[in-house]
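> Handing you this structure, nothing more for now.
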Amino acid sequence: MTDSVQRLAAALQKLPSVGEKSAWRMALHLLEQDEAISYELAHALVAAKQKVRRCDRCFTWSETAICSVCSSENRDTTTLCVVEKPRDMWVLEQSGRYRGVYHVLGGVLSPMNGITADSLTLEELRNRISSEPIAEVIIGLGGSNEAETTAHYISRILQEFPITVSRFARGLSAGMDLEYADRFTLDQALNERRVITGGYR
Ligand SMILES: [Zn+2]
């Protein structure tokens, strides 16, 4: 195969869940398609990379300084859900069951991989709780060991605030990623969340 096709396949293989075979299939498929499709794909990639930034408040992806969820007047600003990545926020948004606001941590604590408290948006989380009318923080992290450690860490640093800290119900936190949870599990996780500290709902 030509160098250019090889390069394209190698680039596609960097995408999640794309193995060598699928990368080649995609590359060859694109070659057979109309040129316009390739231009559209390339243009959309560059535009997304250039226009999308972090929301100044919740740190999800946004094209404006404050994202559409943070700037909406229809959200319950007293409830804040802490998630690991923007994709988790999107999963919850798609379920349509959560009406609060979010805070994207940017990862979970993993000292072995160099992810320490400083590299997450924990300080920003504390600042938000000090300045926003938040009454409950729901820790919406997955169930990995790192996520568990991070959840404990967060509940500890939030102890100084007069708020309720809760976690998603067991079904979700027992080792499942938000990304793979179905709507029923998400519903259950939200409705049956358990309080860790700070009173009762
Ligand atoms: Zn936001």
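> I'd like the distance between the alpha-carbon centres of the range 28-88 and the range 103-166, rounded to an integer number of Å.
23
> Starting from the Cα of E123, step 7 Å along the direction of its Cβ; do the same at D76; then give the gap between the two resulting points in nm.
Rounded to a tenth, the inter-label distance reads 3.2 nm.
> Here's something else I'd like to know. Would you be so kind as to identify all helices of the chain, as entire DSSP H runs, whose Cα atoms reach 15 Å or more along the helix's own axis and whose mean Kyte-Doolittle hydropathy is at least -0.5?
20-32, 35-51
> Which lysines have a Cα less than 17 Å from the Cα of K14, not counting those fewer than 8 places away in the same chain?
Within reach: K49.
> Okay, next question. In vacuum, with every alpha carbon of the range 1-114 counted as one equal point scatterer, what does the Debye formula give for log10 I(q)/I(0) at q = 0.12, 0.14, 0.16, 0.18 Å⁻¹? Two decimals, please.
-0.65, -0.80, -0.91, -0.98
> Could you compute the longest span of the chain free of GluC sites (Glu not before Pro) located in DSSP loops and having at most 14 other Cβ atoms within 10 Å, not counting the site residues?
74-159
> Here's another thing I want to ask about it. Please arrange M26, M1, M112 by counting, for each residue, the other beta carbons lying within 10 Å of its beta carbon, fewest first.
Ordered from fewest to most neighbouring Cβ atoms within 10 Å, M26, M1, M112 come out as M112, M1, M26.
> Taking square-rooted eigenvalues a ≥ b ≥ c of the alpha carbon gyration tensor, is the range 71-197 rounded, prolate or oblate, where a/c under 1.5 means rounded and, failing that, a/b exceeding b/c means prolate?
rounded
> Mind sorting L141, L158 by how few other Cβ atoms lie within 10 Å of their own Cβ, fewest first?
So the residues, fewest neighbours to most, are L158, L141.
> Now for a separate question. Report the gain in length on full extension from T149 to H43: 0.36 nm times residue separation, minus Cα-Cα distance, nm rounded to one decimal. Walk me through the numbers on the way to the answer.
On the way: separation 106, 0.36 × 106 = 38.16 nm, distance 4.06 nm.
Residue separation times 0.36 nm, minus the Cα-Cα distance, leaves 34.1 nm.
> Averaging sequence separations of C-alpha pairs under 8 Å and six or more residues apart, then dividing by the length of the chain, give the relative contact order as a whole percent.
Reported relative contact order: 14 percent.
> Would you mind classifying the range 1-47 by shape? Square roots of the alpha carbon gyration tensor eigenvalues, ordered a ≥ b ≥ c; an a/c under 1.5 is rounded, otherwise it is prolate if a/b is larger than b/c and oblate if not.
It comes out oblate by the Cα gyration axes.
Just so you know, all these numbers are worked out from the coordinates, no wet-lab data involved. Because the structure is predicted, anything quoted here is derived from the model rather than measured. Neighbour counts run over all protein chains shown; Cβ positions are idealised from the backbone, glycine included.
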